[in-house]
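The values are calculated or read from the model by the stated rules, or taken from the named source; none is laboratory data. On a predicted model such as this, the values are computed, not experimentally measured, just so you know. Note: ideal-geometry Cβ built from the backbone for every residue, glycine included; neighbour counts use all protein chains shown.
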């Protein structure tokens, strides 16, 4: 949808934001994602593509692109979300880079609605008991 980049698209996205929705650029840094979208559309978050997350813990050079996306997001007052976190090492490195949010198998396999509700209730119970 964003590829057209027309005023109609921008207007639709502004209407969605007015309804209280947040808008994220998915797979940022790959494919059709573009820096111009950040200027043109009312974006709230950048989702760092899994291909950058896969190598983030290997070396400073491998984490450079993820770090750059996080810094770009912060500079534009956008949240950053890492996609496809699978290991504790990836999570720790992304935390060091100040990436605010993450998703991936490290946290959970994909869950259906009822399973997600049970998972969240169990997680909250554990946190309450620990507090």
Margin query: Please go through the range 93-109 and give me each residue that is buried (at least 16 other Cβ atoms within 10 Å of the Cβ), within 13 Å of residue 48 (Cα to Cα) and over 10 Å from the mean Cα position of the chain (by Cα), ordered by number.
Written below: 94, 97, 104
Check: From the set of residues in the range 1-38 that are part of a loop (DSSP other than H, G, I, E, B), in contact with a helix residue (DSSP H, G or I) (Cβ under 7 Å, 6 or more places away or on another chain) and under 16 Å from residue 76 (Cβ atoms), which is modelled with the lowest pLDDT?
Finding: 29
Check: So which residues in the range 79-89 are under 11 Å from the mean Cα position of the chain (by Cα) and in a loop (DSSP other than H, G, I, E, B)?
Finding: 83, 84, 85
Notebook entry, point to check: Looking at the range 39-52, which of the residues that are outside any loop (DSSP other than H, G, I, E, B) and touching a residue at least 12 places away in the same chain (Cβ under 8 Å) is surrounded by the fewest Cβ atoms within 10 Å (Cβ to Cβ)?
Noted result: 51
Margin query: Here's a check for you: in the range 93-131, which residue that is part of a helix (DSSP H, G or I) and in contact (Cβ under 8 Å) with a residue 24 or more places away in the chain is farthest from residue 78 (Cα to Cα)?
Written below: 93
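This table checks each residue for (1) touching a strand residue (DSSP E or B) at 6+ places or on another chain (Cβ under 7 Å); (2) surrounded by 14 or more Cβ atoms within 10 Å (Cβ to Cβ); (3) without any contact (Cβ under 8 Å) to a residue 12 or more places away in the chain; (4) not in a helix (DSSP H, G or I).
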| position | (1), (2), (3), (4) |
| --- | --- |
| 54 | no, yes, no, no |
| 59 | no, no, yes, yes |
| 62 | no, yes, yes, yes |
| 66 | yes, yes, no, no |
| 70 | yes, yes, no, no |
| 73 | yes, yes, no, no |
| 77 | no, no, yes, yes |
| 91 | yes, yes, no, no |
